[in-house]
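First comes the structure, then the notes that go with it.
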Amino acid sequence: MRLTCPQCGERDRREFYYVGDAVALERPAPDAGDEAWEAYVHLRDNPAGETRDLWYHEAGCGAWLVVTRNTVTHAVLDVVLASDVKGGGA
Amino acid sequence: MRFSGLRVLKEGLTGNKGWAAHWRDATPKPEYDAVIIGGGGHGLSTAYYLARNHGMTNIAVLEKGYLGGGNVGRNTTIVRANYFLQGNSEFYSHSLNLWEGLEEDLNYNVMHSQRGLINLFHSDGQRDAFARRGNMMLNQGDDAILLDRDGVRKHLPYLDFEQTRFPIYGGLYHPRGGTARHDAVAWGYARGASDRGVDLIQNCEVTGIDIEGGVVKGVQTTRGPIRAKKVGIVVAGRSGQVAAMAGRRLPIESHVLQAFVTEGLKPVIDHVISFGMGHFYISQSDKGGLVFGGDLDFYASYAQRGNLPMKEHVMEAGMTLMPMIGKARVLRSWGGIMDMTPDGSPIIDRMEGVDGLFIDCGWNYGGFKAVPASGWCMAHLMATGQPHEVAAKFRMDRFRTGVGLMDEEGTGSQHNLH
């Protein structure tokens with residue numbers, strides 16, 4: 001699998017560190033309660049099909065990326081900077 | 001039909017014409033006392049123990065493909081009880097005890113071979129950790145022997161002891177560890193369940209779970225609706241999709257784990273060996289193939305095939321540990337879908353808020369050795385409504401409360417760490 005980093009271009013999968021579902025960008029408030037925090041830390045949709053997950057371009061520019069891809073075919077559909085999704089400061 | 005030495009002899013002399021099918025390929029009835037979704041190792045053993053231990057015989061196993069066609073038919077077949085944490089330790093100990101009586105119980109040759117498992121260590125720190133693990137195993141009543149370098153050399157003279165990068169300091173030897181014939185485990189449980197009246201229904205995919213007023217009523221399938229008083233979800237890598245039919249999200253992310261097998265060779269590796277400085281473990285099947293594997297590909301996937309970088313990593317680790325295997329040619333490789341939990345430990349529990357709905361999942365990359373005890377404990381839970389004592393810590397709510405997380409590797413309860 002190869003990912004196209006918006007800043008560096010198409011690179012080998014080994015340059016990237018996989019963090020997990022892009023729910024990681026939606027951190028609840030500290031006092032949101034057990035259920036909100038369980039949903040954030042542990043519960044996953046785990047789709048067989050299109051998913052959005054968070055990767056870190058560890059051996060490249062160091063950017064955090066939101067990758068839209070298919071978990072069945074391994075097709076990569078979209079890669080954007082997490083800072084653009086999150087609105088900066090990610 | 002019972003297997004015996006006499007029967008094998010008789011059939012051998014009469015052209016093997018007397019063997020019948022091992023189980024009935026059943027068609028679905030409109031209603032059962034319980035249905036198990038998933039005809040893999042854990043689902044079949046759950047059905048078998050529901051019938052054997054709890055007298056529940058009006059039950060069915062629903063399998064979307066063919067029996068034993070998932071991870072139980074595509075793994076590296078290792079059986080061991082070398083867990084460290086309370087909760088895991090007593091469970092896998094119970095499982096190994098069941099393994100040791102399994103062939104007699106099932107009257108079926110699952111080729112359980114207690115050839116011994118050796119986990120190698122390569123530093124003083126790792127030695128300390130393995131000494132501690134070994135003590136926990138002894139306290140649990142299982143067996144563990146700490147070997148120094150010369151001790152390992154006696155068992156495994158062909159390893160590369162002299163290398164400077166990852167010198168071998170010793171190993172933790174678990175003599176009761178070993179392997180079993182994975183397909184035969186599925187077939188043996190299927191036959192045992194079928195003989196007791198369980199309906200094994202293949203090509204029957206569950207498409208919906210019927211719930212009314214917080215009580216499970218049955219399932220919708222590709223072969224029509226089936227009513228059931230109790231429903232057990234035992235579907236490994238597909239747990240997320242099936243739980244979604246009940247409106248639930250699980251603490252599970254599905255990942256691919258690859259394994260490899262070489263051409264058949266004369267016996268060269270007598271034990272199960274794991275490398276301590278990279279993910280690599282190996283044994284030799286009775287057919288002669290070297291069966292080995294490594295780590296996850298480490299991103300969510302349902303592809304049932306792996307990526308090249310992990311193949312390269314596994315081959316490198318194997319060559320580092322035992323350069324002799326470089327002459328063996330890899331025959332094939334495959335990938336299975338692992339139901340990974342954040343803390344690396346499984347779940348056998350009621351589905352909160354739905355009476356009669358149960359789930360057995362989260363076996364990560366270690367489900368095969370758990371097949372007997374998982375079925376035993378899931379059957380106990382479904383029949384009695386109470387968790388079995390050796391699976392008492394496999395609760396789902398540990399992920400909400402944070403109490404009782406079982407992180408065997410001590411790396412943290414987070415999805416990308418196990």
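Every read-out reported here was derived from the displayed coordinates using simple, explicitly stated rules and does not represent laboratory data. Everything quoted here is computed from the prediction, not taken from an experiment. Glycine gets a Cβ as well: all are built from the backbone with ideal geometry, and neighbour counts include every protein chain shown.
Can you give me the three principal axis dimensions of region B:292-418 from its C-alpha atoms, in Å, biggest first?
55, 28, 26
Let me know the volume per residue of the alpha-carbon convex hull for the protein assembly as shown, in Å³.
Each residue corresponds to 165 Å³ of Cα convex hull volume.
Tell me which aspartates and glutamates have Cα within less than 13 Å of B:K311's Cα, excluding those fewer than 8 residues away on the same chain?
Of all the aspartates and glutamates, those that pass the test against B:K311 - Cα under 13 Å, at least 8 places apart if same chain - are B:D295, B:D297.
For chain B, give me the percentage of DSSP beta bridges that are antiparallel, rounded to the nearest 5 percent. Intermediate values should be presented prior to the final figure.
On the way: 47 of 68 bridges.
If I count the DSSP bridges inside chain B, around 70 percent turn out antiparallel.
Which whole-number percent is the relative contact order of chain B (Cα, under 8 Å, 6+ apart)? Before the final figure, lay out the partial values.
On the way: 952 pairs, mean separation 89.7, N = 418.
For chain B, the relative contact order is 21 percent.
Cα centroid distance between region B:189-223 and region A:23-42, in Å?
About 35 Å separates the Cα centre of region B:189-223 from the one of region A:23-42.
Would you kindly give the portion of the calculated P(r) for chain B that falls above 39 Å, as a percent of all Cα pairs?
Numbers: 16028 of 87153 pairs.
That tail contains 18 percent of the Cα-Cα pairs.
Kirkwood Rh over alpha-carbon pairs of region A:2-86, then Stokes-Einstein at 25 °C and 0.890 mPa s: what D in µm² s⁻¹, rounded to an integer?
Working: Rh = 13.6 Å.
Here the translational diffusion coefficient equals 180 µm²/s.
Going from the alpha-carbon gyration tensor of region B:192-286, what semi-axes, largest first and in whole Å, does one get by taking the root of 5 times each eigenvalue? Each step should come with its number before you reach the end.
Details: eigenvalues 310, 79, 27 Å².
That gives 39, 20, 12 Å for the three semi-axes.
In terms of modelled amide H atoms, which long-range or inter-chain residues lie less than 5 Å from the amide H of B:A228?
Amide H neighbours of B:A228, under 5 Å, 5+ apart: B:Y32, B:G218, B:V219.
Please compute the length gained on full extension between B:D148 and B:L308, using 0.36 nm multiplied by the number of residues separating them and subtracting their Cα-Cα distance.
54.1 nm is the gain from fully extending B:D148 to B:L308.
Between their Cα atoms, which of B:K217/B:K393; B:K64/B:K287; B:K29/B:K230 are more than 21 Å away from each other?
From the list (B:K217/B:K393; B:K64/B:K287; B:K29/B:K230), the Cα-Cα distance tops 21 Å for B:K217/B:K393; B:K64/B:K287.
I want to check the label-to-label distance for B:R332 and B:H155. Put each point 7 Å from Cα in the C-beta direction and report it in nm to one decimal.
Each label point is offset 7 Å from its Cα along the Cβ direction, giving 3.1 nm.
Arrange A:V76, B:V272 by Cβ neighbour counts within 10 Å, fewest through most, would you?
In increasing order of surrounding Cβ atoms, one gets A:V76, B:V272.
Relative contact order of region B:108-218, please, whole-number percent, based on alpha carbon pairs below 8 angstrom and at least 6 residues apart.
Dividing the mean separation by the residue count of region B:108-218 yields 37 percent.
Output the lone cysteines of the protein assembly as shown: those with no second cysteine's C-beta under 4.7 Å from their C-beta.
A:C61, B:C204, B:C361, B:C377 - these cysteines have no disulfide-compatible partner (Cβ-Cβ under 4.7 Å) in the protein assembly as shown.
Run the numbers for B:E389 and B:N107: contour at 0.36 nm per residue of separation, minus the present Cα-Cα distance, in nm.
Contour length minus the Cα-Cα distance gives 98.8 nm.
Restrict the search to region A:1-47; then list the GluC sites (Glu not before Pro) that DSSP places in a loop and that have at most 15 other Cβ atoms within 10 Å of their Cβ.
When the GluC sites (Glu not before Pro) of region A:1-47 are filtered for loop state and at most 15 Cβ neighbours within 10 Å, A:E26 remain.
Which percent of Cα pairs goes in each bin when the distances of region B:355-404 are cut into 10 angstrom slices starting at zero?
Once binned at 10 Å, the Cα pair distances of region B:355-404 give 22, 55, 23.
Relative to the longest principal Cα axis of chain B, at what angle does helix B:308-321 sit, 0 to 90 degrees, rounded to 10?
Computed tilt is about 50 degrees.
Within a 10 angstrom radius of each residue's Cβ in A:10-22, how many Cβ atoms of other chains show up on average? Whole number is fine.
3
How much net charge surrounds B:L257 when only the other residues with a Cβ under 10 Å from the Cβ of B:L257 are counted, with Lys and Arg +1 and Asp and Glu -1? List each step's numbers first, then the result.
Working: positive: B:R74; negative: B:D295, B:D297.
Summing Lys and Arg as +1 and Asp and Glu as -1 gives -1.
For the pair B:E31 and B:K287, what calculated FRET efficiency results from E = 1/(1 + (r/R0)^6), where r is the Cβ-Cβ distance and R0 = 56 Å, to the nearest 0.05?
About 0.80, to the nearest 0.05.
I want to check the label-to-label distance for B:D295 and B:M319. Put each point 7 Å from Cα in the C-beta direction and report it in nm to one decimal.
1.9 nm
What is the local net charge at A:L77, summed over the other residues whose Cβ is closer than 9 Å to its Cβ (Lys, Arg +1; Asp, Glu -1)? Could you put the intermediate results ahead of the total?
Working: positive: A:R69; negative: A:E50, A:D78.
Charge balance near A:L77 sits at -1.
First select every other residue whose beta carbon is under 15 angstrom from the beta carbon of A:A24; then total the charges, Lys and Arg +1, Asp and Glu -1.
-2
Sum -39500 (n - 2.57) across every DSSP H segment of at least 4 residues in the protein assembly as shown, then divide by the residue count to get the 222 nm mean residue ellipticity, nearest 500.
The per-residue figure over the protein assembly as shown is -8000 deg cm²/dmol.
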